[in-house]
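The values are calculated or read from the model by the stated rules, or taken from the named source; none is laboratory data. What you see is a predicted model, and the numbers here were worked out from it, not measured in a lab. When we count neighbours, we look across all protein chains shown, and the Cβ atoms used for this are built from the backbone with ideal geometry, even at glycine.
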C-alpha cells in the first residue's frame, strides 16, 4: 500500500471547474437555440442574457491594456468576463485555428485572469479551455489590469 495520500475526484478537478462547466453548458444552450450563422455580437448578447439568468456576474467588452517595456502601447476588449475570474473569447467562424488560441492566450497574459474559454458558434460548436497561471506570466503585477473590476 502506498504512503501517498488519497485524493478524491473533486480534488483532481480543474480550478474553477464548476464555473467553467456551467458556462460551457450555457454556451450549448445558446447554440441550440440560435444555431450558427449570426454575427459574433448576437451570440455575445445572448450569452450575457443566459449567463445572467443563471445568476452570474458578467462584464462585456472589458478594456484591457497591452504593455511593452513598461509603456502602454494599446488596448483590446475582452468579449466577456464572468464572475471576475473567467475570460470568454467568442467567435462565429467556420472553425477555430491557432490564431484564435494565440489571441486568447495573449489576453490571459495581459491580465491577472488565469482561465479562458474560446467558444465558436460556427457550423459545429467548439469550446477550448486555456489556463495561463499568473506565476508563469512575464509581466509585472502592476502592469496587468484588473479586468475583474474593469480598471485599465
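Does residue 108 qualify as being modelled with pLDDT under 95 and surrounded by 15 or more Cβ atoms within 10 Å (Cβ to Cβ)? Talk me through it step by step, then tell me what you get.
Working: modelled with pLDDT under 95: yes; surrounded by 15 or more Cβ atoms within 10 Å (Cβ to Cβ): yes.
Here the answer is yes, as residue 108 does meet what is asked.
Condition test on residue 103, is it touching a residue at least 12 places away in the same chain (Cβ under 8 Å), surrounded by fewer than 17 Cβ atoms within 10 Å (Cβ to Cβ) and closer than 14 Å to residue 132 by Cβ? Reasoning before the result, please.
On the way: touching a residue at least 12 places away in the same chain (Cβ under 8 Å): yes; surrounded by fewer than 17 Cβ atoms within 10 Å (Cβ to Cβ): yes; closer than 14 Å to residue 132 by Cβ: yes.
Spelling it out, residue 103 is indeed touching a residue at least 12 places away in the same chain (Cβ under 8 Å), surrounded by fewer than 17 Cβ atoms within 10 Å (Cβ to Cβ) and closer than 14 Å to residue 132 by Cβ.
Identify the single condition in (1) surrounded by 12 or more Cβ atoms within 10 Å (Cβ to Cβ); (2) modelled with pLDDT of 95 or more that residue 75 does not satisfy, given that it satisfies every other one.
Condition not satisfied by residue 75: (2).
Got a number for residues in the range 26-45 being out of contact with any strand residue (DSSP E or B) (no Cβ under 7 Å at 6 or more places or on another chain) and under 14 Å from residue 82 (Cα atoms)?
2
Evaluate the range 69-87: report whether one residue or more is in contact (Cβ under 8 Å) with a residue 40 or more places away in the chain, more than 14 Å from residue 44 (Cα to Cα) and over 12 Å from the mean Cα position of the chain (by Cα). If you could, list the steps in order and put the result at the bottom.
Going residue by residue through the range 69-87, those that are in contact (Cβ under 8 Å) with a residue 40 or more places away in the chain are 70, 75, 78, 81-87.
Among the residues that remain, those that are also more than 14 Å from residue 44 (Cα to Cα) are: 70, 75, 83-86.
After this cut, where a residue has to be over 12 Å from the mean Cα position of the chain (by Cα) as well, the list is 70, 75.
Yes: the range 69-87 contains one or more residues that are in contact (Cβ under 8 Å) with a residue 40 or more places away in the chain, more than 14 Å from residue 44 (Cα to Cα) and over 12 Å from the mean Cα position of the chain (by Cα).
The rows are residues; the columns are (1) surrounded by 15 or more Cβ atoms within 10 Å (Cβ to Cβ); (2) modelled with pLDDT of 95 or more; (3) over 18 Å from residue 130 (Cβ atoms); (4) touching a helix residue (DSSP H, G or I) at 6+ places or on another chain (Cβ under 8 Å).
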| position | (1), (2), (3), (4) |
| --- | --- |
| 14 | no, no, no, yes |
| 22 | yes, yes, no, no |
| 58 | yes, yes, yes, yes |
| 64 | yes, no, no, yes |
| 67 | yes, no, yes, yes |
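Give me the pairs: first residue in the range 32-46 and at positive phi, second residue surrounded by fewer than 14 Cβ atoms within 10 Å (Cβ to Cβ) and part of a loop (DSSP other than H, G, I, E, B), beta-carbon distance under 9 Å, and six or more apart or on different chains, which are they?
Going by the 9 Å Cβ cut-off, the qualifying pairs are 37/123.
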